[in-house]
1. Just need the relative contact order of the stretch 4-143 here, percent rounded to a whole number, with Cα pairs under 8 Å and 6+ apart.
2. If I compute solvent accessible area with a 1.4 Å probe over the protein chains, what percent of it on the stretch 149-280 is carbon and sulfur?
3. Relative contact order for the stretch 62-144: what is it in percent, counting Cα pairs under 8 Å that are at least 6 residues apart?
4. I'd like the accessible area for ARG143, computed on protein heavy atoms only with a 1.4 Å probe and all protein chains in place. Round to 10 Å², please.
5. Order the following by accessible area, largest value first: GLU156, GLU356. Probe radius 1.4 Å; ligands, DNA and RNA are ignored.
6. Report ³J(HN,Hα) in whole Hz for each residue of the stretch 197-212, in order, from the Karplus equation J = 6.51 cos²θ - 1.76 cosθ + 1.60 where θ = phi - 60°; Gly and Pro get x.
7. Taking a ≥ b ≥ c as the square roots of the Cα gyration tensor eigenvalues, with a/c under 1.5 meaning rounded and otherwise prolate when a/b beats b/c, else oblate, which class fits the stretch 222-367?
8. Quick one: among GLY316, GLY64, GLY138, which has the greatest mean-square fluctuation in a GNM of the chain with alpha-carbon springs under 10 angstrom?
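The values are calculated or read from the model by the stated rules, or taken from the named source; none is laboratory data. Computed from a prediction, not measured in an experiment: that's the story for all the values here. Cβ coordinates were reconstructed from backbone atoms using ideal geometry, including for glycine residues, and neighbour counts include every protein chain displayed. For accessibility, only protein heavy atoms count, side chains too; no ligands or nucleic acids. Shrake-Rupley method; radii C 1.70, N 1.55, O 1.52, S 1.80 Å.
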Amino acid sequence: MTHPGTLVLIMAVAVVAPLLAHATGRRIRIPLVVFEIVLGIVVGPQVLGWAHPDEVVDTLADLGLSMLIFLAGYEIDFAAVRGDTLRRSLWAWPLSLALGIGLGFLFSGGEIFEAFVVGTALTSTALGTVLPMLRDRGELRGRFGTVVSAFGAVGEFGPVVAMALLLSGRRPAESAVLLAAFGAITAAAVFWALRPRPPWFGELTERTLHSSGQFAVRFVMLLLACMLGLAEVFGLDVLLGAFAAGVLTRLVLHRAAPASSDAVLGRVEALGFGFLVPLFYVVTGIEFDLDALLDAPGALLLVPAFLLLFLLVRGGPVYLLAPKDLGRTDRTALALFASTCLPLVVAITTIGVDQELLGTDQAAALVGAAMISVLVLPSLAMRLRSRTGGTGRPAAPAEATDAEAW
C-alpha cells in the first residue's frame, strides 16, 4: 500500500461515525452515512491531509459500493412488489429520465452527452441507504416499506441500465445487445435459483452456520463475484451484476435454507455494513473535490439548484404516480425517500469526468447536492411518517409523542 496508514484511519472514522450519530441522536437524527462522508472530507487531502487513497483502498471502496447495491437487491421482495405498485414505479422512472435529460439539455447548453450524464444522475434513488433506515424503524415489511422498495428498486436499477446504454463509450445498439445477453443469462440464473435445491444444501448451511466453514456465506460471496465478473465480461457496470446477485441470493436462500436465511444475511450484512460499506462512504468523502466546489462560485450555487432538481425530477413523478391508497403525507414521504441519492450519483459523475463529458466543478456540485439529500430528505420523510403514526393520517397526540423519538 502506498499509504498504509490510510486504511487504519478510514476504519477509525468508521468507528467514530456511529458514536457521533448516537451522541447527536437525542436532539437530531442524522443518518450515519453523513458522518462517514463528512469525516472523510475532514481527514482527506483537502482539509487535514491525513488520508490519501491508493489502489488498494479504491478497490475496497468499489467492493463497498457493490456490497451496498447487492444488499439493496436482496431486500427486494418481488412477491410483494407487483401489480399496480410495480406498474406505477416502472412508469415513474422513464418519466423522471425524460424530464432529467430535458433539463440536463438546457443546463448543458445543448451538449447531448453532458445532458445524459446530468439527467441520469437526477433520476437515481439511494435504495441501499434508504432501506436500512426503514428496517431499523420496523417499516420495511409494511405497505409503505413495500412501496418504497418498488419505487427505489426501479430508481436504483434504471440508472444502471441507462449508464450501460448511454455512458459506456459504445454505440447504443451494441450496448443494448450486450445488455440483452446479460439479461438472458441472468434470467437463466433466476430459473436455476427457483428450482428446488438438494437437501444437502440446507443441511450443510445449518451445520456450518456456527463454525469456521460458513458454507452459505462463502456461496453468497461466490455468487456475488460471479455476477460482478459477468457484468465486467460484457463491459457493463458492475453495479448491474451486484444488484442481480442480491436478487438471486434471496431466491436461493429462501428456497434452500429458509430457516437459516436470516442468520446468513446477518453475517453478510456484518461484512458489508461493518467494513466495506462504511469504507465506501468514507472514501467518497476523502475523494470529494472540495476545492472545485469552493473555487468556483457558480458551482457552489449549483448545489441547492441540483437538490431542488432531485426533488423535481425524481420526487415529482413518484408523487404523481404513487399508489392511490397512500395519503398525501405518505406520498410526500415516498417522494422524499425516492429523491434521496448518492452512490449512483458518485458513479455517474465519475464516468462523466473520466470521459470528459462533465467538468469537475459540476460533478462536485452534483455530489454535494446528493450528500445533502442523504442528510435532509430521509429525516424529513421519517418525521412525516412519525407525525401520522405511520398511517398517512394525523396521529393522535399520544402516538405523536412516542413517534418523536425519531
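1. Reported as a whole number, the value is 15 percent.
2. Working: 3960 of 5750 Å².
Whole-percent figure for carbon plus sulfur exposure: 69.
3. So the answer I get is 27 percent.
4. Its heavy atoms expose roughly 100 Å² to the probe.
5. Order by accessible area, largest first: GLU356, GLU156.
6. 7, x, x, 5, 4, x, 5, 5, 4, 5, 5, 9, 4, 10, 10, 6
7. Here the stretch 222-367 falls in the oblate category.
8. GLY138
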